[in-house]
Structures are given as C-alpha cells and as structure tokens.
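The structure appears right after this line, and notes come after that.
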Amino acid sequence: MRLLTVFSLLMLIFALPASVSAQDFKPPVPASRPSGTVSPAPSLVRPEQPLLERGSDDISQLWRGIRMGRRGTLSSKSLGTPVLVQSEGELWRNVRSTLVQTYGAYLLGLAAAATLLFWLLRGRIRLKEKPTGRLIERFTLPERVVHWYLAVVFLFLGTTGLILLFGRSILIPVFGREGLAVFASAALHGHNLFGPLFALGVIAMLVLYGRDNLPKMADLKWLATGAGLFTGRHIPSWKFNAGEKIWFWIVIVTGVAISASGLLLDFSYLATDLSQLQIAHFVHVSGALIAIAGAIGHIYLGSVGVEGALDAMVTGEVDENWAREHHDLWAAQSSETKAEEPVGRVAPAE
Amino acid sequence: MIAFLEGPAWYAALTIFVAFSLWRLGWVLLMGGEKHKSPARGSAAAGAIKNVLGEMVPRRAFLKRGKVWFVVFAGYAFHLGLFAVLLFAAPHVDFIEKRLLGFGWTAMPYWGFIVAAEFAFLGLLLLWIRRFVDPVTRLISRLDDHLAAGLTFLVLLTGCLALGQQSVILRGMHMGSVELWLIYFPFSSLFHTFTWPLSRGYTGALFGRRGIRA
C-alpha cells in the first residue's frame, strides 16, 4: 500500500499515464457445473477465498484473481509465497522504465550541460599571482588514498549501474541483444561485488573528512555571495568552502542511501516483502543518479576546472598562494600551527 | 576464439610459466650460500623456520603508526583474499580438477568466495593507489610494479565479471588475462610468490647460525 501511494503520487506529479489501472475485482456469478470437471487452478495454490468458484472452469476469472495479486494458500510451506503474481511489480516496472530512465537521463544531461556552460562562461579558474614555491600540506596520505579509492570504486559502480539502467535503450541498437547480454551479465556481477567496497569507502570518507566539512559561519557568506564564481571576487573560506561541503554531504547522504539499499538488494533474502526490494531499488537508482550528476561537476572542477586542485589530491600539498587565494582562513590557520611547532623538531619516520 | 584461449594459448602460457619459474628457482638455488668459517653458535634450520613463520606476524612497532598499519592490513587482506579465491573458489577447484591435477578438494561456500574476493580487491586497490599518491612509493615504483598490480587486478576483475558463468566472452576474457598473467609471472616481481620463503629462510638461517635474535 505504501509502495502504491509513493508511486501513484509520483505518476500524478509527472503526469505519466499509468499502464496498469486498478480494476475492481468482482467475481462473476458462478455457473453451476457438474462435479468432476477439470479445475484449471494450479495444484500449488488453493485460494482461501476461492479464485475459482466451485464447479466453475472460468479460466479468465482465475487469472484475474491471480493477476490482481490475491493470496492463496499453499499445499506446502516450503513452496514460498502464496502470491503468484505481485501486481505492484508492474507499477514499479513502469516507473523504472519511464520515470526513472527519462528523468534520470535528463538529470545527467543537465549536469553535463551545466558543467560545459560553466566552463564556457568562466573558463579555468587560475591563480591570480604566481606560485611562491612554498608548499602547505592540504591532504594527508590516508585522506588521499581513501578519496581515490572511493573515486575508482564509484566510477566502476557508476558505469556498471548505468549499463544496468540504460543498457536496453542504448546498447541493443549498437551491440544487439546478445551483446547487451554480455554487458549486462558483466555489469550485474561487477556491480554486486563492488557494492560493499563502496560502503566501506563512504564510512572511511565520513571519518576522515567529516570534521572539516561541518558548517561554519563563513559558509553562509560564501553562499550568499554566490561563491564569487562569476564575479571573480574571492570569498573567505576555511579548509573546505560551502560548495565543497555541500558536495561532501551529498556524497555521504546519497552514499549511505545507495549502500543501505544496495546491500538489501545484494542480500535480498533479508527482505520480508517484494515491495521492500522495489522501494530499495528506487532509492538506490535515485541516489546514484544524483551522485553521478554531482560527480560530473566535481570531476571537472577537481581536474581541469581549478588550477592546482588535482595536485592537492595527488601530492597532498598546495602552494601558499593557492591556499591564500582559495582557502585563506585555512591557510592562515595552517601558518599559525606551523609557527607554533618547536624549532628543530624531527618529523617521525614514516 | 574461446577454443584457442582454452586450448593452445592455455597450454603455451602454462608451459612458459612452469618452465621459466623452474629455471629461475633453479638459478636461485644453485647460486648457493656463502661459506662459513666461524663455528656455528646456533641452529641454521631452526633460524630459517623461525624467520619464515615469524615474519608472517606483523611487528608491534608497525601497528602503532597509522600509515604503516593500513599498509599491513591491506597487504594481508589482498594476499589472504587472493589465496582463498585462487585455491578455494568453486570454479577454480573445478578447473584445477579437470584441467590440471586430476583431483580437487572441497570448495568454499559461495558467500566465503565473495568475502574473500572483497578483501582481495580492497587490499589491492588500497596498495596500488598508495603507490601513486605516497611520494616515497611513487618515486621507487617501477613499471614492473604497476604492471604486476595491474595484471593481477585485471585477472581479479575479469573473474568477477564472469561470475555468472553464462557468457563465453567473459570467460574468455578471464582466461586471456590469466594467461597474460602467467606469461608475465616468472619475469617479474610477481615471482616473489615462490622466492619469499627462500629469502626469509636464508636470512633466518644466517641469523640462526650466528646466534642472532632478530
């Protein structure tokens, strides 16, 4: 019922036609039949409210009952669920095939277009002054390893996930059905295996980066002034500016949602009802599409969009001028910390 | 193509692997050791065994430093995971029985295979990424190190993609990557798989004979 409510609301919002309409099931008036006529009911299901009136051989009546998801009784408990056809599944299938695929594609296209537009309007964000040659440590080794670990796993999961979501539409025209079968099989197993690795990465990311991504007052000013992205004016920020913090918490929230729903889908025997898996699938795909859309912008800014950003995450160090221009409050704090260190202190061998 | 990969290519790769591994091992063993002039103060054999087994346990000092701790953990995760997957995954046991030894053994349950594969991937990814971002390992890593890690990752990945055992193409990709790995193996740092007990044993024997507690 909960699943029906959620999906029905979404269908109404986006004005998509429902291909499955709720039919009022009214059992026909049973015709009297002599006993001994063949019962078309499957031997596995004996309905509590009879799907077929005694003596009736109306197969269409039987099928209507089964098709509407009416529960029967099983001759043996080991045979599984007493529902032959889960009608909500058709609604879920339609939502996935129309709503999710269509608007998911729009979202990804919008993200790519917005990134391209930003590059066209703003260009590469370069340093205003020349580098000083003096370096400040920005990211420690564990932070960099966890970041790239999560990036690699995310890229793999995103690629395999997109194949699973859009494969039928995009790959069949190119590779044919047999080609899609190969891609889909590979993507499915790869996706299932790498999923738990992603969950570990999200947890590690939260532990290592969480404290520095907590909101501060300076973030409000950063947001209010539009980050100075289009004016070129520098807005003070700490180690991470508000935009980076927003992206971090998007990763964490969608990461947790994707991981939890993904683990339920991976270990589907934990679900007590099929509708739980359908809801989990919807949450999983929605979270993943949001994360992929955000990642498009993040990958652009982190690689070519901002001069010096990639160095920070590879070498762990940034130039003093870079730190002052992009994160001046953090740069000042780092300089104070370094000045307070006793002279002649030998760094521990690592 | 699959007939070639599971036929001539497989036998060629296996022959190169066995032949050159034996050649390299033989070359190491025939090098011999230094002649000792001083009297022995302890048992070389005991020292060798102690060092081979003792070095499997990480030193306490290494576990205190966070950076080194994660390297130790990742190393164990990768090697133990790979060992379990290679020798106890059901498809591999089946393959060894039918194509190699003629006999097999009890395979892991499917969930055990998945857990082992997760650990193998986790360890390998962490260590390989570290080679790129740690300035020290970035400096001392050679092409061979990256090729060894890359080929091993490729074998693991193609195996993971072919888990369903439905697609001939995916199975062929896994076989092909395994054959590349086998051919590269004897000529690379991957050969530490066979030389590590010799290296540790020799050092341990030397220390044991001299009565050194290390």
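Laboratory data are not the source of any read-out in this text; all were calculated from the coordinates shown. Quantities reported herein were computed from a predicted structural model and do not represent experimental measurements. Glycine also receives a Cβ, built like all others from the backbone with ideal geometry; neighbour counts cover every protein chain displayed.
A few notes on this one:
- Euclidean distance of C-alpha centroids, region B:174-203 and region A:153-213, integer Å: 31 Å
- 3J(HN,Hα) from dihedral phi, region B:121-127, Karplus parametrisation 6.51/-1.76/1.60, rounded to Hz, x for glycine, proline: 4, 4, x, 5, 5, 4, 6
- Vicinal HN-Hα couplings computed from phi for region B:194-204 (Karplus, 6.51 cos²θ - 1.76 cosθ + 1.60; Hz; Gly/Pro x): 9, 8, 4, x, 5, 5, 5, x, 5, 4, x
- 5 angstrom amide H check on residue A:125, placed H, neighbours 5+ away: A:306, A:307
- Radius, Kirkwood style, for region A:82-148 when every pair of distinct Cα atoms is counted (Å): 17.6 Å
- In nm, spacing of pseudo-spin labels at residue A:121 and residue B:36 (7 Å Cα→C-beta vector): 7.8 nm
- Stokes-Einstein D (µm²/s) once Rh is taken as the Kirkwood radius of region B:127-214 over alpha-carbon pairs, at 10 °C in 1.306 mPa s: 102 µm²/s
- Averaging over all projection directions, the Cα-based convex hull of region A:142-209 occupies 4.7 nm² in the image plane.
- Using the Karplus relation 6.51 cos²θ - 1.76 cosθ + 1.60 with θ = phi - 60°, the per-residue 3J(HN,Hα) values for region A:99-114 come to 4, 5, 5, 5, 6, x, 5, 4, 4, 5, x, 5, 4, 5, 5, 5 Hz, with x marking Gly and Pro.
- Alpha-carbon spread of region A:212-272, three principal axes, descending order, Å: 55, 21, 15
- Prolate/oblate/rounded label for region B:1-157 (Cα gyration tensor, a/c 1.5): oblate
- For region B:44-102, the fraction of alpha-carbon pairs in successive 10 Å shells from zero, as %: 19, 28, 27, 21, 4
- Förster-model FRET efficiency, 56 Å R0, residue A:271 and residue A:129, C-beta, rounded to 0.05: 0.45
- Simple label model, 7 Å out from Cα along Cβ direction - residue B:27 to residue B:145, nm: 2.2 nm
- Of B:116, B:90, B:77, the residue with the greatest mean-square motion in the GNM of chain B, using alpha carbon springs below 10 Å, is B:90.
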